[in-house]
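**Student:** Before anything else, here's the structure in question.
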């Protein structure tokens, strides 16, 4: 007998705590920071980032030779001559009053009404004018 009290030596029973269910509240919100994300979805900031790579036409009011970027060359920029640039650059130049932005053709009211009428007549969905039409509209009209 190795222990006092006359009991045989052996493993000491350890009480195991029983897990108590705790109610979990979902506090997920788009753009709310780290945490669970919806499966197969994309956050608005990610969609906006991708939309900024789309090309739009601007009419610059300055002169500049080509701009050499990792994604490719842009320009040349001549006053009054339209040139295609990514949305991110068009917005930057517009904010600095260096260009006039020409909206994409699908943003024309007549084109949008035509798309709406076509969708009303057909039984299936009409393809959207651009994969990022919502993001581009927000970026270009603000």
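The values are calculated or read from the model by the stated rules, or taken from the named source; none is laboratory data. All values derive from a computational prediction rather than experimental measurement. Counting neighbours? That spans all protein chains shown, and the Cβs are built from the backbone with ideal geometry, glycine included.
**Student:** Could you list, ordered by first residue, the pairs with Cβ atoms under 7 Å in which the first is in region 76-89 and closer than 8 Å to residue 60 by Cα and the second is modelled with pLDDT of 95 or more and part of a loop (DSSP other than H, G, I, E, B), at least 6 apart or interchain?
**Tutor:** Partner pairs satisfying both residue conditions: 77/62; 77/63; 78/63; 79/61; 79/62; 79/63.
**Student:** Just to be sure before I move on: is residue 17 surrounded by fewer than 11 Cβ atoms within 10 Å (Cβ to Cβ) and modelled with pLDDT under 95 in the structure I sent? Steps first, answer last, please.
**Tutor:** On the way: surrounded by fewer than 11 Cβ atoms within 10 Å (Cβ to Cβ): yes; modelled with pLDDT under 95: yes.
Yes.
**Student:** Output the residues belonging to region 100-130 that are under 18 Å from residue 53 (Cβ atoms) and touching a helix residue (DSSP H, G or I) at 6+ places or on another chain (Cβ under 8 Å).
**Tutor:** Of everything in region 100-130, those that are under 18 Å from residue 53 (Cβ atoms) and touching a helix residue (DSSP H, G or I) at 6+ places or on another chain (Cβ under 8 Å) turn out to be 101, 103, 104, 106, 107, 129, 130.
**Student:** If I ask for residues that are in contact with a strand residue (DSSP E or B) (Cβ under 7 Å, 6 or more places away or on another chain) and touching a residue at least 60 places away in the same chain (Cβ under 8 Å), which ones from region 104-142 would you list?
**Tutor:** Step one: list which residues in region 104-142 are in contact with a strand residue (DSSP E or B) (Cβ under 7 Å, 6 or more places away or on another chain), which gives 104, 140.
Selection gives 140 alone.
**Student:** What do you reckon, is residue 94 under 17 Å from residue 138 (Cβ atoms) and out of contact with any helix residue (DSSP H, G or I) (no Cβ under 6 Å at 6 or more places or on another chain)?
**Tutor:** Working: under 17 Å from residue 138 (Cβ atoms): yes; out of contact with any helix residue (DSSP H, G or I) (no Cβ under 6 Å at 6 or more places or on another chain): yes.
In short, yes.
**Student:** Go over the candidates 110, 43 one by one and state the one that is under 18 Å from the mean Cα position of the chain (by Cα), modelled with pLDDT of 90 or more and over 15 Å from residue 136 (Cα atoms). Steps first, answer last, please.
**Tutor:** Working: 110 fails: under 18 Å from the mean Cα position of the chain (by Cα).
Criteria check complete, one pass: 43.
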